[in-house]
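Everything on this sheet refers to the single structure shown next.
The values are calculated or read from the model by the stated rules, or taken from the named source; none is laboratory data. Keep in mind it's a predicted model, so treat the numbers as computed, not measured. In this analysis, Cβ positions are derived from the backbone assuming ideal geometry, glycine residues included, and neighbour counts consider all displayed protein chains. Surface accessibility is based on the protein's heavy atoms, side chains included, excluding ligands, DNA and RNA. Shrake-Rupley method; radii C 1.70, N 1.55, O 1.52, S 1.80 Å.
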Amino acid sequence: MLPDRLRTLIHLLSRLPGVGEKTAQRYVLFLAGEEGALAADLGRELTALADAVRPCERCRNLAEVDEQGHATCSICKDNRRDGTLLCVVARVQDLLAVERSGAMRGRYFVLGRLLSPLDGVGPDELPLAMLAARIQQDGVKEVIVATPPSVDGEATALLLAQELTPLGIRVSRIASGVPHGGDLEFSDQITLGRAISGRRSVDVPR
Ligand SMILES: [Zn+2]
């Protein structure tokens, strides 16, 4: 019924998180119908995306690539941030959620994934060496682990405490309040703010 090109576009859009076949079809018909300018703007931005945006070289948040070819995010560039406080999150969405709570005055580090032995993700899959280097370069004194309250999130917090406590820093975990199995992204700002201010040190079993 539809031209091949539109069917291809529907297929591509329906691979995005939260976009099903019907929504993708609605987008494509809208773009092909009346919004030619929007389609052109989207096309230009999407084409530039892979070259213009990369994980920040310091924290793996997303950052724009500068003229020298380096990517440093706005949080790492912000000198008013407390460099001795580092909040470790699993994903960029979680960084944005913690940032919205207004309770974090330090900087961040994005792991990219959680430790998940059942899914075959071991410690070697996490950027622990990069994190340790960052801690030593910046003179970080406390790492706040803001991984989600799930089995994998707790396992990751414990691994970080085991790896980082020997560096002579405090490793703390956000307090409960975010429901178990819940998603930081969907926690309200007040709950997340309280979880951060009520954080506790992680005890490393001997
Ligand atoms: Zn950064």
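Summing -39500 (n - 2.57) over the DSSP H runs of n ≥ 4 in the chain and dividing by its residue number, what mean residue ellipticity at 222 nm do you reach, to the nearest 500 deg cm²/dmol? Mind showing how you got there, number by number?
Working: 8 runs with 88 residues, N = 206.
Result for the chain: -13000 deg cm²/dmol, rounded to the nearest 500.
Among residues other than D78 with Cβ under 15 Å from its Cβ, the summed charge is +2 (Lys and Arg +1, Asp and Glu -1).
From Cα pairs below 8 angstrom and at least 6 apart in sequence, can you work out the relative contact order of the chain, rounded to a whole percent?
15 percent
Rolling a 1.4 Å probe across the protein heavy atoms gives the chain an accessible surface of 60 Å² per residue.
The phi torsions of region 135-150, fed into the Karplus equation with coefficients 6.51, -1.76 and 1.60 and a -60° offset, translate into couplings of 4, 6, 4, 8, x, 5, 9, 9, 10, 9, 8, 10, 7, x, x, 10 Hz, rounded to whole numbers, with Gly and Pro shown as x.
Could you work out the local net charge near E57, counting Lys and Arg as +1, Asp and Glu as -1, over the other residues with Cβ closer than 11 Å to its Cβ? Please list the in-between numbers first.
Working: positive: R54, R58, R60, R134; negative: D66.
Net local charge, E57 excluded: +3.
For T47 and S201, compute 0.36 nm times the residue count separating them, minus their Cα-Cα distance, and round to one decimal in nm. Provide the component values of the computation, followed by the final result.
Details: separation 154, 0.36 × 154 = 55.44 nm, distance 4.45 nm.
Roughly 51.0 nm would be gained on extension.
Scalar couplings 3J(HN,Hα) for region 65-70, obtained by applying the Karplus form with A = 6.51, B = -1.76, C = 1.60 to θ = phi - 60°, are 6, 8, 5, 7, x, 9 Hz; x denotes Gly and Pro. At a 1.4 Å probe radius, carbon and sulfur cover how many percent of the accessible area of region 61-169? Ligands and nucleic acids excluded, carbon and sulfur give 50 percent. Angle of helix 4-13 to the longest C-alpha principal axis of the chain, folded into 0 to 90 degrees and rounded to 10: 20°.
Once the Cα atoms are used to define both axes, helix 151-164 deviates from the longest principal axis of the chain by about 50 degrees.
What does the net charge come to around A175 if you take all other residues with beta carbon closer than 14 Å to its beta carbon, with K and R at +1 and D and E at -1? Before the final figure, lay out each step's value.
Numbers: positive: R173, R194, R199, R200; negative: E154.
Cβ neighbours under 14 Å give a net charge of +3.
Between 0 and 90 degrees, the angle of helix 21-33 with respect to the longest Cα principal axis of the chain falls at about 50 degrees. Between region 32-49 and region 119-138, how far is it from one alpha carbon centroid to the other, in angstrom? The distance from the Cα centre of region 32-49 to that of region 119-138 comes to 38 Å. Out of the GluC sites (Glu not before Pro) in region 1-99, which ones are loop residues according to DSSP with at most 16 other C-beta atoms within 10 Å? Filter output for region 1-99: E34, E35, E57, E67. Residues within the reach of a label modelled at S150 (point 7 angstrom out along Cα to beta-carbon, backbone nitrogen below 15 Å), restricted to region 83-115, are 89-95, 111-115.
Between L115 and T156, the built amide H atoms are under 5 Å apart, and every one of these is 5 or more places off in sequence or on another chain. Shown here: the chain, whose C-alpha atoms stretch 66, 41, 34 Å along the first, second and third principal axes, sorted largest to smallest.
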